[in-house]
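Have a look at the structure below before the remarks.
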Amino acid sequence: MPRANPASDPTSLDRFIDEYLDQNLAELTRYAAQPSIAAQGLGMEACAAIVADMLRQRGFKVETLPTAGGPPVVVAERAGRSDKTLLIYNHYDVQPPEPLELWTSPPFTPTIRDGHLYGRGVSDDKGHLTARLLAIDALLAARGDLPCRIKFVVEGEEEVGSVHLHEFIRANRERLSADACLWEFGYLDHRGVPLLYAGLRGICYVELSVETMSRDAHSGLAGSIIANAAWRLTWALASLKGPDERIRIPGFYDAVHPPTPRDLELMGALPDMAESFRKDYGVTGFLRGMKGGLELNVAQVFEPTCTICGLDSGYQGAGSKTVLPARATAKVDFRMVPDQIPAEIVKLLRQHLDAEGFADVAINVMGGEAAGRTDPDHPFLKLVAESAAPVYGVPMQIVPMIGGSGPNHAFIEELGVPVATAGFGHPDTRAHAPDENLRIDYYVKHAKHVTRLLEAFGS
């Protein structure tokens, strides 16, 4: 690895990042070429080994630790000039790449086109790890050591709800102790303004299923005498939410609180995203007649949701097949706001289905995370924002919540650390979708931002 000349200003750091970028992107390409699909258990051990090797190459003490039934977690640590400790959280698992026919280039053959790198996981979340490693390389080359102690925790189940991470954190509190945590992702908006999210919504993901007979039947022979699993499930689903978008599960909203005046102040400073959403998603309007502005911004993150994510029953092939389906399934997620608890949502859901006459509808809990928040005025979040401004040329905006979910609640509650997001995602990143990509210029800026953050944090 080339070594830059020591300097007290960021010039040598930036120069190193620019000069070493191609080698770093080659490292990311090798990393992203390894499939690591948690939902299918594909390539997990091999990908964890790649992560461990990349960290060892930077002088980190690395442990690859097992979980109770899931893929391993990679934990790493390297001391710095300061005893202050920054914990960096990333994940090496990715979403399934389907539908494959919608990819311009193969999902596990990372490809550069027009200033973007395309491939599954390059943004969510493998590229965020390698961009941070590029920042560490620059600091080691220009300064000779790190400005603070850095710990990494890199898991392999984030895309399936971090099933074993809570237990892992509780069992490894001392090993993971830190003063603050830099989260796995971050975004720039359509203006190129970097955003820092102080919290993530929670999630409860379930599969609902019903079985009415031992096998499919002829619809003409059985359609009027045997219950149709697809209809049973459809009616059950219809009981969960009405056309007014109000979730009808009794007690569902009991723990929901309105945003605070400070939340509203921060949300009001964000741009109106209505036109961008119309263009990006091809829609003409929004639920409940919302027009945009603050109303839309607040609803997007401070309202809990109930979403049918997938349905499966009966014949799905080409042409017709007159069949009475014996089984039907639906995948449903509930996005939760602070103080809503996944286990309580499952309990309320069970009570509701039973009361509505759907005791035959089974619930398979597939994952859950409580919402987690850090005070948007916490000094660490302010430090992250302040260190970004010289790189991006504009102030970083702090946002109280993001609509997505992740296991930050475990870090905030179990480890007692403030959690801040920062990254290089952009409006057309297409995470979880075909042609997932990163903008190389934003990737570089993130690496430069991290160098400044680490030096400021360690001082």
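Some values worked out for this structure:
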{"quantity": "Calculated FRET value between Ala456 and Asp354, using beta carbons and R₀ = 56 Å, to 0.05", "calculated": "0.55"}
{"quantity": "Distance (nanometres) between label positions extended 7 Å along Cα→Cβ at Lys347 and Ser105", "calculated": "5.1"}
{"quantity": "Low-density loop cleavage sites - chymotrypsin sites (Phe, Trp or Tyr not before Pro) in segment 182-275, where at most 15 other Cβ are within 10 Å (DSSP)", "calculated": "Tyr253"}
{"quantity": "Nearby lysines by direct alpha-carbon distance to Lys279 (threshold 22 angstrom, same-chain neighbours under 8 apart not counted)", "calculated": "Lys291"}
{"quantity": "Computed label-point distance, nm, for sites Arg248 and Leu42 using a 7 Å Cα→Cβ extension", "calculated": "3.9"}
{"quantity": "Chymotrypsin sites (Phe, Trp or Tyr not before Pro) within segment 295-402, DSSP loop, no more than 15 other Cβ atoms inside 10 Å", "calculated": "Tyr315"}
{"quantity": "Cα-based shape type of segment 59-135, given that a ≥ b ≥ c are square roots of the gyration tensor eigenvalues and the cut on a/c is 1.5", "calculated": "oblate"}
{"quantity": "Calculated from backbone phi, Karplus (6.51, -1.76, 1.60) coupling profile of segment 316-332 in Hz, x at Gly/Pro", "calculated": "10, x, 6, x, 10, 8, 7, 10, 9, x, 7, 9, 9, 9, 9, 9, 10"}
{"quantity": "FRET efficiency for Arg430 and Ser224, using Cβ-Cβ distance with R0 set to 41 Å, rounded to 0.05", "calculated": "0.30"}
{"quantity": "Helical mean residue ellipticity (222 nm; -39500 (n - 2.57) per DSSP H run of 4+; nearest 500) of the chain", "calculated": "-10500 deg cm²/dmol"}
{"quantity": "Length gained when the stretch Ala299-Thr260 is fully extended (0.36 nm per residue, less Cα-Cα span)", "calculated": "12.7 nm"}
{"quantity": "Net +/- balance of residues flanking His409 in space, Cβ distance below 9 Å, scoring K and R +1, D and E -1", "calculated": "-2"}
{"quantity": "Overall form of segment 397-454 per C-alpha gyration tensor (a/c, 1.5; a/b vs b/c)", "calculated": "oblate"}
{"quantity": "Relative contact order for the chain, counting Cα pairs under 8 Å that sit 6 or more residues apart, in percent", "calculated": "25"}
{"quantity": "Paramagnetic label zone (point 7 Å from Cα along Cα-to-C-beta, Glu167; backbone N under 19 Å) in segment 328-370", "calculated": "342-344, 364-370"}
{"quantity": "Cα lying deepest toward the dipole's positive end in segment 190-245, options Leu240, Ala229, Met213, charges on Cβ", "calculated": "Leu240"}
{"quantity": "Trypsin sites (Lys or Arg not before Pro) within segment 151-237: DSSP coil, no more than 13 neighbouring Cβ in 10 Å", "calculated": "Arg191, Arg215"}
{"quantity": "Estimated distance in nm for a label pair at Lys84 and Tyr281, the labels positioned 7 Å out from Cα along Cα-to-Cβ", "calculated": "3.9"}
{"quantity": "Interchain or long-range residues, amide H under 5 Å from Met273's placed H", "calculated": "Gly293"}
{"quantity": "Sequence-distant lysines (8 or more away, or on other chains) whose Cα lies within less than 27 Å of Lys151", "calculated": "Lys61, Lys84, Lys126, Lys382, Lys445, Lys448"}
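Here, each number is a calculation from the coordinates, and none is a lab measurement. Note that this is a predicted model, so its numbers are computed, not measured. In this analysis, Cβ positions are derived from the backbone assuming ideal geometry, glycine residues included, and neighbour counts consider all displayed protein chains.
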